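A short write-up of the structure that comes next.
The values are calculated or read from the model by the stated rules, or taken from the named source; none is laboratory data. Here the structure is a predicted model, which is why all the values come from computation and not from measurement. Here Cβ is always computed from backbone atoms with ideal geometry, including for glycine, and neighbour counts include all displayed protein chains. Areas reflect the complete protein model, heavy atoms only, side chains present, ligands, DNA and RNA absent. Shrake-Rupley method; radii C 1.70, N 1.55, O 1.52, S 1.80 Å.
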Amino acid sequence: MKVYGTPICIDCRNYKALQQSRGFAAEYVDITESTANLKEFLALRDHDPVFAPVRERGGIGVPLFVREDGEKTFDLDTALAWIGQPPVKEEEIVEHRSCGINGCR
């Protein structure tokens, strides 16, 4: 499995923490690490139909999980199932979104 993400994304940071704590293998591509990584991700984002709803909402689309056969998902539990891992448990989430007066964003 290949995972596209960035350290400025809370969901990506939670994924990386989970990967480290569970010790499973997956290729991680930090899209902010280099122009080449960003271009690789944007080539997917700009043309793959899975990103249509993300683009409509003005989102970025990370973390993106890509299975070896090319199937893509934004759902962590789906991606974990691909590699024989159980779903995420609440206690495994190390960083939670902060909620203000208007709720979580």
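So, restricting to strands (runs of 3 or more DSSP E) that lie completely within segment 1-82, which ones have at least 1 residues that are charged (D, E, K, R) and touching a residue at least 40 places away in the same chain (Cβ under 8 Å)?
Numbers: elements: 2-5, 27-30, 64-66.
Fully inside segment 1-82 and qualifying: 2-5.
Select from segment 1-44 the residues that are closer than 19 Å to Gly70 by Cα, of a type in the set (D, E, K, R) and under 14 Å from the mean Cα position of the chain (by Cα) and write down the one among them that is least open to solvent (accessible area, probe 1.4 Å). Even if it seems obvious, please write down each step before you answer.
Within segment 1-44, the first condition is being closer than 19 Å to Gly70 by Cα, and the residues that meet it are 1-5, 25-31, 37-44.
Right, trim to of a type in the set (D, E, K, R) and you get 2, 27, 30, 39-40.
If we keep only those that are under 14 Å from the mean Cα position of the chain (by Cα) as well, we get 2, 27, 30.
Details: Lys2: 52, Glu27: 99, Asp30: 30 Å².
Out of the qualifying residues, it is Asp30.
When only residues in segment 49-85 that are of a type in the set (Asp, Glu) and modelled with pLDDT of 95 or more count, which is surrounded by the most Cβ atoms within 10 Å (Cβ to Cβ)?
Among those that are of a type in the set (Asp, Glu) and modelled with pLDDT of 95 or more, it is Glu71.
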